[in-house]
Each structure stands twice: as structure tokens, then as C-alpha cells.
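The next block holds one structure in the form of C-alpha cells; read it before the comments.
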Amino acid sequence: MGKRRAGRELLHSLSKKQKKHLREFGEEHPFYDKLLLLLLLHSCFPFQSEDSDKSSAESDSETEVEQVSGYHKLLATLKTSPESESEEEEDESESEEAEESEAEMDSEGSQETGEAEGGEEDKDDVPEEEEGTTDTAEQMLSQEQADGADTSCDPRHGVIEEFTDVKHESEFSLETNFMEEESGDGNADQRDSNPFKQHMDKELEDKEVEKMSTLPKTSSQSQWPRLGQLIFSSTLETHKTLKADKEVDVKQLHLHKPLECTWPKVNKQFLSSVDKPSDSPFTPLQRELFCVMNSYRDLFYPERNALTNGEEIRHAYCLHALNHVLKANAQVLSNNAKRRDRKPGTDTDDYRDQGLTRPKVLMIVPFRECALRIVHTFISLLEVNDKKKIDVSNKKRFKGEFGSDPEEKPPNLKRPEDYEAVFAGNIDDHFRIGVAILQKSMRLYAPFYSSDIIIASPLGIRTVIGAEGEKKRDFDFLSSIEILVIDQADIYLMQNWEHVLHLMKHINLLPLDSHGVDFSRVRMLNLNNWSKYYRQTLLFSALQDPQINSVFNKHCFNYAGQVAIRNVPLTGSISHVVVQLPHVFRRLEAESVTSVIDARFQFFIDKVLPEYRDAIMSHTLIYVPSYFDYVRLRNYFKKEDLNFTHICEYTKKAAVCRARRFFLKGEKQFLLFTERFHFYKRYTIKGIRNLIFYELPTYSHFYSEICNMLKATDSGVDATWTCTVLYSKYDAQKLAAVVGIDRTAQMLQSKKNVHLFVTGEN
């Protein structure tokens, strides 16, 4: 801790210019190098005190602290020098001037808008190594300060050795432990109506497996009070119709014993917001979601909202996942005792209760903050009361690496409420952690092959799986996953969707190594390589998207069937546009989904762009959801020598400031603007008079947000404002989210352009 404290003091002591160099280049300027400063000290002060002789005999770590403190003292003297003071004043004045010239609406602070120097704009548009990582150097620096933890597994420092807890291996081993009598968990596997037993003990036949892999699924619809329209689909014979329970008794859910007591207390925070208070421990949404989860069907819920129901949903799937793990482990521990007491020569097939590897639940979440909340929910569900605290290994380390410092957020940063909810806490998107749970103890940072639950981001799991041809790669731990939770799937569209697809291709495959498994305890479904037919997938998203739908339809093979919520939007986000603006929806024709990309580009350069080439149509913002379309348009604009500037998620701050200033003053006629930049930054762009949506936004509320930016323009007449949207018949879902289902049906039937005029009251 001494080194960390000294590091923080050192960072606070740096001048503004030194901090700026540290943010840009990741190291101190050579002028301030420690060794040079020490040589300077010795040359200026040749005498040595008695303490220096003693310090030379101390350990390396103590010497390092002394060097830092000496560096700190020297910097304190340098800061008082007249030259450094003038440099700092000059730097501050430059940042203030740049801040005023940018017409910054978002109060990002002088450091964000003050870096106005740099090379050409093209050099500022170079992508980072990973698409999903959007933290700036300043955020990285503040994040590392806030964590104050070992960064050996931090991707920014290079993954040298990832910390795993090896000390508690025997304590959390399923093979060497037995059921505690006082826990009363042994009767969990004796209930005939137990959903866990019913699902995992069902023996599929070869004909059924062949049927699931060849025949299409049959579907039926149902209307539930809270979830709305549900689509049930299954390849096997139609199962008993699932109905929503109006009232739920916790004892009838077959929860593991401690969860029956702790769930009402943990979920109490959400029950207070329900209009009609009742004795039910579930909210109406949780009750219907858990009814589907507990039936072990696959679930796709595309109406997750970080502001309203996000935490409700998180608690519901945490309850289901933890209930599954506790039941599975209780079955193994109970059978351990039976095997110990059995007579020699007894048949051992009765004790098949495990998979080929131990991990049973995989949770994919976008940020470290999400993993932190999940673990806290697990701990709360396992603690029966304040007196019976569970033992959590490595809890302090976990809080240091996954927690965040509230003071690191800039005080003047103002963003929409949904942005604040999504990007709360630690938003690092490269992490993975194994969690082992055994009776009254929890082990964080457990090795994957000793874990019951793995919590990871798509990027974190992708770096472990690796790619074909890499020497160091591993995906055997995914072979026996029984519950897969993919939460906030829409955010992965903004990070890198390829990581999700890569995961789905490597889950539930036969392992390449045995990893010390006792094959006499392995279920036959795992030995037959039928794990994917028993895996339950829970998919939560804020929107319906073809890529997300594809994962649910093509990569989920649960024999119990699937449930998808399919509610259509009635109004659309266009009703939230507050400026009087004519909207022109221009339809383009394409023969297939694959050809629509080229068809859109050709339609844009042939029919749309010529109308905006005139100087009268200045201040035109072109909103581009896809980065690849953005690069294609940028190259075309350069080739045609058009007067434009561009901003994407990889553009450096200095280039962003220049682009916004040029566009506001009219020095650049066009501004190419990517959706992912808007998702991660939410800047207000001033000076817009003409809008072109090259494609409908992924998030429907982005449409109204971008349109409402026109009211930030001080000059210009309302009648001169225009908005043009390109769409095709393959954009039906996005179109319905923007204009509503009724208008969408009319627009898809008609091949003419549609003109809508929004007054702010529609």
C-alpha cells in the first residue's frame, strides 16, 4: 500500500504539462526521468546524510519508496520556479481559449477541450487494438488510481499472470467434501416436481436429438399480463402450456433452502415501488420472468432498461443461477456421502451428477460494475442473517479491482439519465472471474476448472478462448455450461459483436483434455456430447436487432423450448422530437440482406448526396451507424474532394474539438458522425441545419436525440431545417421503433418516399 499511496501523491504533485504528457504518451517526459533527477540531486547536493548510508542497506522495495519521495520533493521545488509557473499559466490560458472556441455544450473540462494541437485528422482516426475499448488515457489514469489494486491481470498493462486463488483449492473441492447435516440440503434432490431434477435427469433419445437438429421449430403465441406477447417455440412435441402465475408462493418454486429465506429480504427494495403491495416476494415482471426461467426454457427479453427494470432483471437471473448451482453442488455432495457409505460392488451409475468440467453457469456482462453487482447479489442471497455471514475469499481484492472511486467522475459532466445508468461505476470491458460456491463459503478468483460460475465480458472471454492457430488458448471450461446468461446484449453491438459469436461457436464442445474428471460421475448427456440440448440461454437486451435474434434462433438448442417476448412499439421515438422538423423517409430497393449495404451506398451517392452538394445546404450532419460504412463514405468524400470533417469512436479529443469547431462555424459543409461515438460520448453537436440518417439508428431514442440537437443552433430559420432518412424493407424493426408499427406497415407497402412533419406534439 505504501507504493500505491506514494504513486497517488506523486501524480497529484505533477504539473498540468507533466500530466498532459503522461496521458498522451503513457510515461513521464524524459526531462523528468527519475534517474536524471537523482543525478541532478547528487550533483547539486554532493553531501550525504547518515540516513542515506542506512537506506542503501535496505530492501529494494523500501529503496523504491525513498526514490519516489525524493522525486516528490524535487518536483515541489520545480513547481515553484518562475519558468514552470509561466508554462502552467500559458497552458491554462490556451485551454480556456480552446474551450471557448469549441462552443462546448457538455462542460467536459479544460483538459478535454484544451488539447487542440496534433497532426492531420486522418492520423487521429486510427482504431485502437480492441474495438470495444473506448476509455481515454485520462480515464485509464483515474481508473488505475481509483482501483489501487494489483494490475497484473489488467489488459492495459499486458496480461502477464492472471491472479487465481490456489490456496483454497481443497476447501472448495466438490470431490473431497460432503453434505453438512445442519444445512438440510440433502432433500433438495428428492422432490419429484423439482424443475432442476426434471430438466437435467431427462434422457433424450437418438431420434429426438436428430429431430432437433433437422426439423424446424413449431411456435405458438400467448399473452401475459406483464410481459405481453410471448412466442413459444420447440422442435419436440408440444409441452404443457406455460401460464403466468398470478400469485407465487416461494415454497412452491423449489428454491434451495437458504434462498427461500433470503430472497424476500434481498428483493424488498423493488417491492416498494409496486403500486399494489402484496405478500409476493416478486415484482410482476420478476414473477413472470422467473416462471419462464424456472421451467428451464430459453428466454429472450428485449425490453431491458437500465433506468427502470435493469436491476429487477439482474436479481431475478441471479436467483435462478444461484439456485441451480446450489442444487447441483448439493446433489454432488450428497452423492459423495452415499459413495463413501456404499458397500463394495454396488453399481456406480446411480451417482452420475456432474459434467465433464465443473463450471455450470456463464454470465456475460459488459462492464466490471455489472460483475460487482452480481457478486454482491450472490453474497446477499447466501447470508441468512447478519449473524450468519458467509466466508468470501479475496473479497478485498475484488472490491479493489472491480470497484470504482466516486470522485474520479468529472463534476461538470452532464449526460442523459440512461447514459448515467449504463456507464455507472467501473466501465472497464476486459475482465473475467471465476466464482466457486460451496455451502456457506464463496471463493472469488477461483481457477476456471474449479469454478461454478464464470462472470466475464465478451472481450475477456475471447482472449481466453483465443483464435485458431494460437498456441495458448483454452475453451474446455465451456464444455458443460448449463445456464448461459447474456445480459445487456445491445451494448455488445457497440463493442464488438464478433466476440459474442466467437463464444457461441466454442460453448458446449467436447473438451480436448480430461482435466482430472471422474468419468463414473459424468452424466451420459455430457458423454454423448448433448450438452447444448440441455443448456438454458437467458438473453436480455434493450432492443430487438437481427444480430441478437440470430444468436437466439441459431445458437440455442434447448430441448425444453424457447420463449421470446415480441411486443411491437405503438408510437415510436419520433414522438419525442421537440423541434418542428420535416422528416423525409426515402426507401431504397435491395434484392437481399447482403446486397443492401452496396445498394444503400449507391443510392446515397446517386440520389441523396447531389441534393446537398450546393453551398446553401451547409451544416449537414450525416449519421452513420456502421463503422465500415463510415470508412467507405469518408474515402469517397476524400476522393471527390468534398468539404467535410469526420468524427468516429477512434478520433482523438483534439481532432473532435477541431471538427466540432469547423462544423459550427461553417468552415466544413459536411460532418460524418458515427453512432458508436454518440453512444460512448453523447456530445451535443451545434450548428446542425440538415440531417441525413444514412441508416436508421440501432437505439430508437438516438433518433430523437440527434433531431433535438437542432434546437441547440442559435442561428437559422426553422423552415430551412431538413431531415432525410434512408431505409429498406429489411429495416422493419428499426423503422417500427422510430415511427411506430402502424406507419411502418404503410411505409413498407408503399414504394414512395414518405414525408412526415413533427410538431413536437405528435
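Looking at the stretch 418-515, the GluC sites (Glu not before Pro) that sit in a DSSP loop and have at most 16 other Cβ atoms within 10 Å of their own Cβ are E468, E470. Stokes-Einstein, applied to the Kirkwood radius of the stretch 573-759 over Cα pairs at a viscosity of 1.567 mPa s and 4 °C, places its translational diffusion at 78 µm² s⁻¹. Taking the Cα centre of the stretch 576-731 as reference, the dipole from Cβ charges on Lys and Arg (+1) and Asp and Glu (-1) amounts to some 700 debye.
Distance between the pseudo-spin-label points of K607 and D341 (7 Å out from Cα toward the beta carbon): 7.8 nm. Computed from label points 7 Å out along Cα-Cβ, the spacing between C261 and K665 is 7.0 nm.
The simple spin-label model puts a point 7 Å past each Cα toward its Cβ; for S219 and Q580 those points are separated by 4.4 nm. Residue separation of K388 and K207 scaled by 0.36 nm, minus their Cα-Cα distance, works out to 60.2 nm of gained length. Could you tell me which of H583, C657, S750 has its Cα farthest along the dipole of the stretch 573-759 towards the positive end, charges placed at Cβ (Lys, Arg +1; Asp, Glu -1), taken about the Cα centre? The Cα lying farthest towards the positive end belongs to C657.
For the stretch 379-520, what is one quarter of the convex hull surface built on the Cα atoms, given in nm²?
12.1 nm²
Think of a 1.4 Å ball rolled over the protein heavy atoms: the stretch 297-420 then has 41 Å² of accessible area per residue.
Hey, quick one: spin label on Q269, modelled 7 Å out along Cα-Cβ, who in the stretch 306-341 has an amide N within reach, i.e. under 20 Å? Correct set: 306-323.
Based on the Cβ-Cβ distance of N567 and V593, what FRET efficiency does E = 1/(1 + (r/R0)^6) give at R0 = 22 Å, to the nearest 0.05? After rounding to 0.05, the efficiency reads 0.40.
Within the accessible area of the stretch 301-409, the carbon and sulfur atoms contribute 45%, probe 1.4 Å, all protein chains present. The stretch between L236 and S380, if pulled fully straight at 0.36 nm per residue, gains 48.0 nm over its current Cα-Cα span. Rolling a 1.4 Å probe over the protein heavy atoms gives the stretch 573-759 an accessible area of 40 Å² per residue.
At an R0 of 30 angstrom, the distance between the Cβ atoms of E470 and T164 translates into a FRET efficiency of 0.90. Report, to the nearest whole %, how much of the accessible area of the stretch 573-759 belongs to carbon and sulfur atoms, 1.4 Å probe, protein only. Ligands and nucleic acids excluded, carbon and sulfur reach 52 percent. Taking a ≥ b ≥ c as the square roots of the eigenvalues of the Cα gyration tensor, the stretch 638-696 is rounded, since a/c falls below 1.5.
With the charge dipole of the stretch 627-746 set up from +1 on Lys and Arg Cβ and -1 on Asp and Glu Cβ about the Cα centre, the Cα lying farthest toward the positive end among the listed residues C648, M709, V739 is that of C648.
Counting only protein heavy atoms and using a 1.4 Å probe, the accessible area of T308 comes to about 100 Å².
Can you compute the label reach from L527? Point 7 Å from Cα along the Cβ direction, backbone N cut-off under 19 Å, restricted to the stretch 319-362. Within reach of a label on L527, which here means backbone N under 19 Å from a point 7 Å along Cα→Cβ, the stretch 319-362 contributes 332, 335-336, 339, 345-358.
The values are calculated or read from the model by the stated rules, or taken from the named source; none is laboratory data. None of these values were measured; they are calculated from a predicted model. Because the Cβ atoms are built from the backbone with ideal geometry, glycine has one as well, and the counts that use them run over all protein chains shown. All accessible areas refer to the heavy atoms of the entire protein, side chains included, with ligands and DNA or RNA removed. Shrake-Rupley method; radii C 1.70, N 1.55, O 1.52, S 1.80 Å.
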